[in-house]
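For reference, the structure is listed below as structure tokens.
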Amino acid sequence: MTEVLPQFIQVKIDRAKKENTEEVTAKVTNEVTKKVTKDYLFNILNTTNLTPDKAMDLLGIPEADRPMYKELLKKK
């Protein structure tokens, strides 16, 4: 029994590390994607006569995400 307990604890630790890593990776990926997309939007808007909605169409930004990007555009 005493040999099984350390293995069980290690499995729990490994699982927690993996879940934490996946959570952090997803969060960072989401933040970077938002920043890059915002930068692309600014570049498109500064180099063309497109409206923000047309630029978002060009980038394929889903309707559900557009209010967030419109808010980000106001902040710059």
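FYI, it's all coordinate maths here, none of it is from the lab. The structure presented is a predicted model; accordingly, all values stated were derived computationally and were not measured. Ideal geometry is used to build each Cβ from the backbone, glycine not excepted, and the neighbour counts take in all protein chains shown.
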Residues in region 11-46 that a label on residue 72 would reach, taking backbone N under 13 Å of a point 7 Å out along Cα→Cβ:
28-44
Based on the Kirkwood radius over alpha-carbon pairs, what value in µm²/s does the Stokes-Einstein equation return for the translational diffusion coefficient of region 1-60 at 25 °C and 0.890 mPa s?
165
Cross-chain or 8 or more residues apart, Cα under 18 Å: how many lysine pairs in the chain fit that? Count them up, please.
20
With label points built 7 Å along Cα→Cβ from the Cα atoms of residue 33 and residue 47, find their separation and express it in nm.
2.3
Given the convex hull of the Cα atoms of region 30-75, what is a quarter of its surface area in nm²?
3.0
Rounded to the nearest 500, what is the 222 nm mean residue ellipticity of the chain from helices alone, with -39500 (n - 2.57) per DSSP H run of 4+ residues and division by all residues?
-28000 deg cm²/dmol
